[in-house]
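Engineer: Sharing a structure below in structure tokens format, with a few things to ask.
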Amino acid sequence: MIYLNGQENYEIKIPIKITTLVENLGLQNRTIAIAHNGEVITKKNWDFVTIKENDTIEIVRAVGGG
């Protein structure tokens, strides 16, 4: 169980890399930013960060407008 965008008890198979989570959520082709336990993780490091039990993930998506 992890906390995903404030949602408690988000069920995924863990441990899991951030890259895999993004793929599983169907967000791989989107412009997004990810924070893992309060620390922003750059896209080049997604393959190196492992999400574990009770971790907090925040995903925000850039939205254009005017």
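The values are calculated or read from the model by the stated rules, or taken from the named source; none is laboratory data. Note that the structure is a prediction, hence the values are computed from the model and not measured. Please note: Cβ atoms are built from the backbone with ideal geometry, for glycine as well, and neighbour counts cover all protein chains shown. For the accessible areas, the whole protein counts, side chains as well, though only heavy atoms, and no ligand, DNA or RNA atoms are used. Shrake-Rupley method; radii C 1.70, N 1.55, O 1.52, S 1.80 Å.
Engineer: Which of the residues belonging to the range 1-55 are open to solvent by 80 Å² or more (accessible area, probe 1.4 Å) and part of a helix (DSSP H, G or I)?
Structural biologist: 23, 24, 43, 44, 47, 48
Engineer: Under 9 Å by Cβ, and 6 or more places apart or on different chains, what pairs join a residue from the range 37-66 that is closer than 12 Å to residue 4 by Cβ with one that is assigned to a strand (DSSP E or B) and charged (D, E, K, R)?
Structural biologist: Pairs that qualify, where the first residue is closer than 12 Å to residue 4 by Cβ and the partner is assigned to a strand (DSSP E or B) and charged (D, E, K, R), are 51/17.
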